[in-house]
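FYI, it's all coordinate maths here, none of it is from the lab. The model shown is predicted, which means the values in this text are computed figures rather than measured ones. With ideal geometry, Cβ positions are generated from the backbone for all residues, glycine too; neighbour counts draw on all protein chains shown.
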Amino acid sequence: MVWELLRALGDHARLHLRADGDVTGWSIVNTMLETFPGAQPWRMPPDCRVYEEELLSSLTHDLRAIDPVGRRQS
């Protein structure tokens, strides 16, 4: 059901991906990047081995900095 929703959104949404930096997390991210070519990793450089919990402060800061239509707030 989630896949259907993401496909239905198509070009109307920007998809930023973040998962744990372990093998399973990278597998999820790589599958999503292959499935949704316009998607991009979010705070996940190629050598990332960090778990999301370790970045929680930065991730929530990013979310607060963007309003619902995707514009950066000042």
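Brief remarks follow.
- Computed on the chain, the Cα convex hull volume stands at 108 Å³ per residue.
- Selection of trypsin sites (Lys or Arg not before Pro), the chain, meeting DSSP coil and at most 15 other Cβ within 10 Å: 14, 43, 49, 71
- Residue by residue, the range 46-58 carries 3J(HN,Hα) couplings of x, 9, 5, 10, 9, 7, 3, 4, 6, 10, 3, 4, 5 Hz when phi is fed to the Karplus relation 6.51 cos²θ - 1.76 cosθ + 1.60 (θ = phi - 60°); x denotes Gly or Pro.
- Magnitude of the charge dipole for the chain, about its Cα centre and with charges confined to Cβ atoms of Lys, Arg (+1) and Asp, Glu (-1), is about 340 debye.
- Among the GluC sites (Glu not before Pro) within the chain, not one is in coil by DSSP while having at most 15 neighbouring Cβ atoms inside 10 Å.
- Put simply, the amide H of residue 66, placed in the peptide plane, has neighbours under 5 Å in 73, leaving out anything fewer than 5 places away on its chain.
- Förster radius 30 Å - calculated FRET efficiency between residue 64 and residue 7 (Cβ-Cβ, nearest 0.05): 0.60
- In order through the range 23-28: 3J(HN,Hα) via Karplus (6.51 cos²θ - 1.76 cosθ + 1.60), integer Hz, x for Gly, Pro: 4, 5, x, 5, 4, 4
- When you restrict to C-alpha pairs under 8 Å that are six or more residues apart and normalise by the size of the chain, the relative contact order lands at 27 percent.
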